[in-house]
Amino acid sequence: MSNVPHVTPAAQPAVSWSPVSASWALGAVILAYRAWQLSQAYFWQDDFLYLYSADVSTLGMSYLLQDYHGHLMPGAFLVADAVAQLSGHRWWAAASIVMVMEALKVMLVIRTSLALFGARWGTLLPTSLLLMSPMWVTPTLWWAAALQSLPLQISVLASVWLVDRYRRRQRTTTLAATAAVYLFGLLFWEKALVVPAAAFAVTLVVSACRGSRPLRAVLLDVTRSLHRVIVVWVVITVGYLAVYLNRIDLAAQFSSTGVAADDKVAALRHSVVSFVTALAGGPWRATAGTDTLTPAPPAGAVFVAVQLVLLAGVVLLAVGGARRLVLASAATGAFLLVDAAVVSMTRLDLLGPAQASDPRYFTEALIVTALSAGACAMGSDASQHPLVKRIGDRGPILVGVAVAVFANSAAIAQQALTEVASRRGSGPWAVEAARQVADKGALDVHDGPVPEDVIGGIFGSEARASRVLADHRLPIRWNTTTSDLLIFDGLGVLRPADLKDVTLDAGAGPDPGCGWLARPGAPARIRLPVSVDLEEQPLALGHFSDRPARLEVMLDGEPREVSIGQGLNRLWIYSQGPRVRDIEVRVVQGGAVCVTEARRGTVWPRQ
């Protein structure tokens, strides 16, 4: 008989939350919130230009590799071409693509954090910052920004994760995957050139924080273990730069010499203030519609944010030590300053120094900051720190409190930005304008300006109705010579065109009772005071006839036939040719026609 005492099996403990399950639950909540945010948004600004380019271009290398204001992003244009094929459902298609990339990013945030720091409650801190930062709101709700920032986030996070895996296993498949995710980022934005530096920096900081070896020894070890990855990165970078320099006008990338040194200093200040405030979950407000940028925080918000970031620094100093805090701070500062400098050199011509607070430009800086801070707080000996030991079992509770505080702080800023996006006029304007022309025959419409909150004035002549209604299947003929010209008003409603702010007038004509008389065999000849371009602003010819007629209008010798109705009306004349001064009106069919006016000005909706 056995002498081993019989032991009654202990009751199995109830299933409890773990850091892993908490991370995935947080990711699911963020995805649900992002879906709701996208339901409040619509295309805006560059989004319409992407779709317009897709509608008027043939899918090919010249379209994919076009120079878009200094950007090379064939992936974004390929996506835009796919979305443009879905007439009537374009926003939902675009939003679905954003959600797919957002889901991939969430997965990578969680997997990367767990791979670097393990299944510890502290891992939720960098995970929360990377998932809930207000800096991600604008590059989600603004489609054009999302097609740049989200692929870059995916590329950086995947590179960090794969590099960590490659150092452990040295597999060729992992090396190939590292090359693929780098190429993926480059397809959408040239700023992905920072991916190797960001991945290497995070790997270096994490490796240095796992022990106390000299930084030089860690640097040599990381470099040796990644020498094949580095070679792949260099080859891809050189090849990409060859294509980029061949397709992009590099001189046009840089800010004009008129940008003063004070503006560059102000841009640096904007960058640091906006970035630091976002680290604390700020700025806890949104500006009046300027949601292309991280809203400039008020002085009070900056003060609070600085105190919170300093407090976090003190905690990192206490837990990780001075060496690790210096490493994490150096990595953050290096990427932030480089990003700010690049913006100062290349983008200040757009909106001035405030452009430097655009969150897209600091995508990789935030990732490096979060992962470096995590490495500082969760080094290999962090569990032996006296402060951590004193916290003991209360650690998960304190982490939960910190995550909840940051989540509520970030939610205030995110909700404010979402409400601004929901108040944009782009959705209502575009939807109403498309409804106005649905199921109608071909309409002649003036390609006029649209409200500022649809496409801003910084786009100049591109901020026109045809760019917003960038669907070639709509029955619209833009800027064509016609007697029935229509124009969209500020609400997207079609109205008859009228003329205001006259800038050119040919006068009353030689016949006091008629103006310029045109009869069969005897044309009317009108000479304008100066030569004019009629491509975007038409010439309005007033005419009167007691019966319908067909006319031939000669613009400096170039003929075009038009039909007119009975009574007093206007003929709106556009021309894609050279500038026009001499006009001849011939009656091809019908009786005498009086040309009562020849004027040019601003085409405006008739009230």
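Values computed for the structure shown
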quantity	calculated
The stretch 60-83, subset open to solvent by less than 10 Å² (accessible area, probe 1.4 Å) and assigned to a loop (DSSP other than H, G, I, E, B), residue modelled with the lowest pLDDT	GLY70
Close pairs from the stretch 428-449: first more than 13 Å from ILE487 (Cβ to Cβ), partner in a strand (DSSP E or B) and open to solvent by 10 Å² or more (accessible area, probe 1.4 Å), Cβ under 6 Å, at least 6 apart	ALA442/ARG477
Residue count, the stretch 151-201 (criterion: out of contact with any helix residue (DSSP H, G or I) (no Cβ under 7 Å at 6 or more places or on another chain) and under 15 Å from GLY75 (Cα atoms))	1
The stretch 579-593 residues that are under 12 Å from HIS543 (Cβ atoms), paired with ones that are assigned to a strand (DSSP E or B) and among the acidic types (Asp, Glu) (beta carbon under 9 Å, 6 or more apart)	VAL585/GLU552; VAL587/GLU552
Considering residues of the stretch 208-229 that are more than 34 Å from the chain's Cα centre (by Cα) and not in a helix (DSSP H, G or I) only, the residue nearest to PHE117 (Cα to Cα)	ARG210
Which listed residue, of VAL302, VAL315, is part of a helix (DSSP H, G or I), open to solvent by 40 Å² or more (accessible area, probe 1.4 Å) and modelled with pLDDT of 80 or more	VAL315
Some residue of the stretch 45-59 being surrounded by 18 or more Cβ atoms within 10 Å (Cβ to Cβ), in a loop (DSSP other than H, G, I, E, B) and modelled with pLDDT under 90	yes
Check on LEU86, surrounded by 24 or more Cβ atoms within 10 Å (Cβ to Cβ), farther than 19 Å from MET378 by Cα and modelled with pLDDT under 90	no
Qualifying residue in the stretch 202-224 (condition: open to solvent by less than 10 Å² (accessible area, probe 1.4 Å) and either within 30 Å of PRO353 (Cα to Cα) or of a type in the set (D, E, K, R) (or both))	yes
Qualifying residue in the stretch 194-207 (condition: part of a loop (DSSP other than H, G, I, E, B) and either at pLDDT 85 or above or not acidic (Asp, Glu) (or both))	no
Residue tally, condition of a type in the set (D, E, K, R), free of Cβ contacts under 8 Å to residues at least 12 places away in the same chain and in a helix (DSSP H, G or I), over the stretch 450-482	0
Some residue of the stretch 217-233 being in contact with a Gly (Cβ under 7 Å, 6 or more places away or on another chain) and closer than 23 Å to GLU364 by Cα	no
Whichever residue in the stretch 431-450 is open to solvent by 40 Å² or more (accessible area, probe 1.4 Å) and not acidic (Asp, Glu) and, among such residues, is nearest to LEU49 (Cα to Cα)	PRO449
Pairs, first touching a residue at least 12 places away in the same chain (Cβ under 8 Å) in the stretch 39-65, second of a type in the set (Lys, Arg) and part of a helix (DSSP H, G or I), C-beta under 9 Å, six or more apart	PHE43/ARG90; PHE48/ARG467; LEU49/ARG467; LEU51/ARG90; LEU51/ARG467; TYR52/ARG467; LEU65/ARG247
Yes/no for ARG111 being touching a Phe, Trp or Tyr at 6+ places or on another chain (Cβ under 7 Å), of a type outside the set (A, V, I, L, M) and open to solvent by 10 Å² or more (accessible area, probe 1.4 Å)	yes
Strands (runs of 3 or more DSSP E) wholly inside the stretch 483-564 that include at least 1 residues being touching a residue at least 40 places away in the same chain (Cβ under 8 Å), polar (S, T, N, Q) and surrounded by fewer than 13 Cβ atoms within 10 Å (Cβ to Cβ)	494-505, 524-532
The stretch 190-216 residues that are basic (Lys, Arg), paired with ones that are in a loop (DSSP other than H, G, I, E, B) (beta carbon under 8 Å, 6 or more apart)	ARG210/GLY379; ARG210/SER380
Criterion: in contact with a helix residue (DSSP H, G or I) (Cβ under 9 Å, 6 or more places away or on another chain), among the charged types (D, E, K, R) and either modelled with pLDDT of 85 or more or more than 30 Å from HIS71 (Cβ to Cβ) (or both) - qualifying residue of ASP291, ASP339	ASP339
Complete set of residues in the stretch 582-607 that are assigned to a strand (DSSP E or B), of a type outside the set (S, T, N, Q), open to solvent by less than 70 Å² (accessible area, probe 1.4 Å) and over 19 Å from ASP444 (Cα atoms)	ASP582, ILE583, GLU584, VAL585, VAL587, VAL588, VAL593, CYS594, VAL595, GLU597, ALA598, ARG599
Flag for PHE406 being closer than 24 Å to GLN576 by Cα and open to solvent by less than 50 Å² (accessible area, probe 1.4 Å)	no
All positions within the stretch 143-163 that are in contact with a Pro (Cβ under 6 Å, 6 or more places away or on another chain) and either free of Cβ contacts under 8 Å to residues at least 60 places away in the same chain or among the aromatic types (Phe, Trp, Tyr) (or both)	ALA146
Test for TRP189: is it surrounded by 14 or more Cβ atoms within 10 Å (Cβ to Cβ) and under 24 Å from HIS69 (Cβ atoms)	yes
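The values are calculated or read from the model by the stated rules, or taken from the named source; none is laboratory data. Remember, predicted model here, so these are calculated numbers, not experimental data. Quick reminder, even Gly has a Cβ in these numbers, built from the backbone with ideal geometry, and neighbours come from all protein chains shown. Note: areas computed on protein heavy atoms with side chains; ligands, DNA, RNA excluded. Shrake-Rupley method; radii C 1.70, N 1.55, O 1.52, S 1.80 Å.
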